[in-house]
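Starting off with a structure, shown below.
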Amino acid sequence: MIKARIRGIYSQSLTQILLQNHFEIVQPTQDVARRFGLPFHGDIPDVDIWDRSDLQGIVAIAYESILNRLNDVLRRRLGWVITRTPRVAKSSIYKGRILGTDDKTGQTRVDLGEITGLLPDRGYKPGSFAMVQVRAHDYGRKAPMLSSSITIPGKSAVLLPEPVVRLSTKIKNQETRKNLLNLGRRIRDVTDKWGVLWRTAARKLTEKELRDEVDDLLDVAQQVYSRFNGIEDIELLFEGTSNADIEFPAEVKEALDKTRGKIRSTIGRHHFYKSAGYASLVDFAEMVIEERASEKDYITSKLEKVVNRDLPKLNDPINIEHVKLDGALVMLGRGRVVEADSQGFVIRRQFRYTARKLKMTRELPSEVQVPSDEGDYALTRVVPGARTLTTDYYSRQGELKGTYINVNTGVEVYPTSNGSPSKIRYIDLEIDIVAPVEGETRIIDQHLLKRAVQRGFITSEMADEIRDNAKSILNELVAKRESEEVLKSTELV
């Protein structure tokens, strides 16, 4: 059974889901232990799960096979989970081939087989081999960062390539720190060139258990070096653990709300409000509701009233967070709310290159001068929860140039925070529909969607649904344009 440790705003919903799928929850928080009747197991987890820094999902660290199992469970239960895992796992050790100097960074490029990494060290001869370790992941389009300083990580200890003893900063107890330092010094004296770093988990283990793990790590180190010297080509010598960046768009937060609602009293949009910075207010409201269930609607309405005060109003500035499937965050030009009603609102933004936006000009290198459309503007209709954003582009004279429909996850509208304007946020699903007034209405960027499936950000089933949605929108636009042309020709007759 896979052991999972969970922390953060999604912990109760995820605990419910994982327990139902044969995971064991270890080191639960007091609230989770009480809610689910769990004993406190101090076991070292196979997978560690905590909130992303922006609260838009979770980070999970484990071996690849365990992350695959976790991802399968979450996608089956929650639907539109976006998962980003590095192509090479952190701490993995490779026999890599030196390719030469990278033109952009000046670092050494190293061929790892399926991917090329960057090594800060210089002086390697192209074509030679080097033992390298992954130090930083390759999320998105970045190459993994490598090091020639090799460590051997375990669950409670890490072998270091120098005769030192170090401790995790999370080990606070002074007696425990003293005992671990003394043990580390005794071990260091018999491990030749290796030192040791005690990880947080070491504080709960006996001296024998710690010595046994260090002995196992020394055996692994010997195997790694023997393997490096015994093979003639590129190869993975040691598999490290991967960090999965798992994002929860609007649809997933809603599914998590329903799961949590089966455990305890939960207000609508619980996880959205928490990700928006209203955690204390949500906790207070649900504490009251748990004792006064009959007043749930009243308490919820008051909470919504507080949040609505911070939502965008007419003439307010507003930001647009356009998140790519690979995790890249694109901040689109700031706009202003020019219309608002019960269904949503309209954002106006100024543009320089509307022709390029509508794909009426072919893509050109950045150094090539493109005629400016300075003064042109766009109106984007925002409907919270909608899985498209429709933007009409206009010339400075107010003539419609065309329409761009962005296919995305449900649009979330976030309130103002710490003096920053409110924002809309969604995950771009790569393919879009362009409908220039002068030109063909068509779907674009389908190759980017295919690439997202290949990288594992989404499943092929999700991609099929995205394509079907885009085709449906395209057919509606084409039918509408044909109808308008027929009507116009009839009027001329």
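Would it be correct to say that residue 109 is at pLDDT 90 or above, among the charged types (D, E, K, R), surrounded by fewer than 20 Cβ atoms within 10 Å (Cβ to Cβ) and farther than 30 Å from residue 70 by Cα?
No, not satisfied.
Could you tell me whether residue 435 is in a strand (DSSP E or B) and either modelled with pLDDT of 95 or more or surrounded by 18 or more Cβ atoms within 10 Å (Cβ to Cβ) (or both)? Write out each step before concluding.
Values: in a strand (DSSP E or B): yes; either modelled with pLDDT of 95 or more or surrounded by 18 or more Cβ atoms within 10 Å (Cβ to Cβ) (or both): yes.
Yes; evaluated as a whole, the condition is true for this residue.
Give just the number: which of (1) assigned to a helix (DSSP H, G or I); (2) under 26 Å from residue 431 (Cα atoms) does residue 343 not satisfy?
If we test residue 343 against (1) assigned to a helix (DSSP H, G or I); (2) under 26 Å from residue 431 (Cα atoms), just (1) comes out false.
Does residue 200 fit the bill of being within 29 Å of the chain's Cα centre (by Cα), farther than 30 Å from residue 230 by Cβ and surrounded by 13 or more Cβ atoms within 10 Å (Cβ to Cβ)?
yes
Let me ask something additional. Could you tell me how many of the residues in the range 21-53 are out of contact with any helix residue (DSSP H, G or I) (no Cβ under 8 Å at 6 or more places or on another chain), surrounded by fewer than 18 Cβ atoms within 10 Å (Cβ to Cβ), assigned to a loop (DSSP other than H, G, I, E, B) and modelled with pLDDT of 90 or more?
Residues in the range 21-53 being out of contact with any helix residue (DSSP H, G or I) (no Cβ under 8 Å at 6 or more places or on another chain), surrounded by fewer than 18 Cβ atoms within 10 Å (Cβ to Cβ), assigned to a loop (DSSP other than H, G, I, E, B) and modelled with pLDDT of 90 or more: 4 in total.
Among the residues of the range 277-312 satisfying the criterion of being within 25 Å of residue 55 (Cα to Cα) and of a type in the set (Lys, Arg), which is farthest from the chain's Cα centre (by Cα)? So that I can check it myself, show each step before the final result.
Within the range 277-312, the subset within 25 Å of residue 55 (Cα to Cα) is 277-290, 299-312.
Now drop any that are not of a type in the set (Lys, Arg), which leaves 302, 305, 309.
Numbers: 302: 32, 305: 30, 309: 29 Å.
Selected residue: 302.
Residue under question is residue 227, and the condition is that it be surrounded by fewer than 18 Cβ atoms within 10 Å (Cβ to Cβ) and in contact with a strand residue (DSSP E or B) (Cβ under 7 Å, 6 or more places away or on another chain); does it hold? Walk me through how you get there before you give the answer.
On the way: surrounded by fewer than 18 Cβ atoms within 10 Å (Cβ to Cβ): yes; in contact with a strand residue (DSSP E or B) (Cβ under 7 Å, 6 or more places away or on another chain): yes.
Against the criterion (surrounded by fewer than 18 Cβ atoms within 10 Å (Cβ to Cβ) and in contact with a strand residue (DSSP E or B) (Cβ under 7 Å, 6 or more places away or on another chain)), residue 227 qualifies.
Something else: Within the range 416-434, work out how many residues are touching a strand residue (DSSP E or B) at 6+ places or on another chain (Cβ under 8 Å), of a type outside the set (D, E, K, R) and without any contact (Cβ under 8 Å) to a residue 60 or more places away in the chain.
2
On to the next question. Residue by residue through the range 275-334, note down the ones that are among the hydroxyl-bearing types (Ser, Thr, Tyr), in contact (Cβ under 8 Å) with a residue 12 or more places away in the chain and either assigned by TED's automatic domain parsing to the domain that holds residue 417 or assigned to a helix (DSSP H, G or I) (or both). Steps first, answer last, please.
The initial filter retains those residues of the range 275-334 that are among the hydroxyl-bearing types (Ser, Thr, Tyr), namely 275, 278, 280, 294, 298, 300-301.
Those left that are additionally in contact (Cβ under 8 Å) with a residue 12 or more places away in the chain: 275, 278, 300.
Passing the criteria: 275, 300.
All but one of (1) modelled with pLDDT under 90; (2) within 21 Å of residue 326 (Cβ to Cβ) hold for residue 485, so report the exception by its number.
Just one mismatch for residue 485, condition (2).
If I ask for residues that are of a type in the set (S, T, N, Q) and either closer than 23 Å to residue 478 by Cα or not assigned by TED's automatic domain parsing to the domain that holds residue 344 (or both), which ones from the range 415-451 would you list?
441, 446
I'd like to verify a number: residues in the range 165-188 that are over 21 Å from residue 150 (Cβ atoms) and more than 32 Å from the chain's Cα centre (by Cα), how many?
Taking the range 165-188 first, the residues over 21 Å from residue 150 (Cβ atoms) are 169-183, 185-186.
Subset that is more than 32 Å from the chain's Cα centre (by Cα): 173-183, 185-186.
The number of residues fulfilling the criteria is 13.
Within the range 455-477, is even one residue in the same structural domain as residue 344 (by TED's automatic domain parsing), over 30 Å from residue 271 (Cβ atoms), in contact with a helix residue (DSSP H, G or I) (Cβ under 7 Å, 6 or more places away or on another chain) and not in a helix (DSSP H, G or I)?
As a first pass, look at the range 455-477 and keep what is in the same structural domain as residue 344 (by TED's automatic domain parsing): 455-477.
Now drop any that are not over 30 Å from residue 271 (Cβ atoms), which leaves 471, 474-477.
Okay, now just the ones that are also in contact with a helix residue (DSSP H, G or I) (Cβ under 7 Å, 6 or more places away or on another chain), so none.
No, that holds for no residue.
Ok, one more. Can you confirm whether residue 448 is buried (at least 17 other Cβ atoms within 10 Å of the Cβ) and under 21 Å from residue 321 (Cα atoms)? Quick ask: steps written out before the conclusion?
Numbers: buried (at least 17 other Cβ atoms within 10 Å of the Cβ): no; under 21 Å from residue 321 (Cα atoms): yes.
Taking the combined requirement at face value, the residue does not satisfy it.
Return the residue satisfying two criteria in turn: it lies in the range 336-383 and is among the small types (Gly, Ala, Ser) and loosely packed, with under 14 Cβ neighbours inside 10 Å, and of such residues it is modelled with the highest pLDDT.
For the range 336-383, the residue satisfying everything is 342.
Taking the range 78-104, which residues are part of a strand (DSSP E or B) and within 22 Å of residue 129 (Cβ to Cβ)? First the steps, then the outcome.
Step one: list which residues in the range 78-104 are part of a strand (DSSP E or B), which gives 82-84, 90, 93-101.
If the condition is that a residue be part of a strand (DSSP E or B) and within 22 Å of residue 129 (Cβ to Cβ), then 90, 93, 94, 95, 96, 97, 98, 99, 100, 101 are the ones that fit.
The values are calculated or read from the model by the stated rules, or taken from the named source; none is laboratory data. Everything quoted here is computed from the prediction, not taken from an experiment. All Cβ positions, glycine included, derive from the backbone under ideal geometry; neighbour counts span all protein chains shown.
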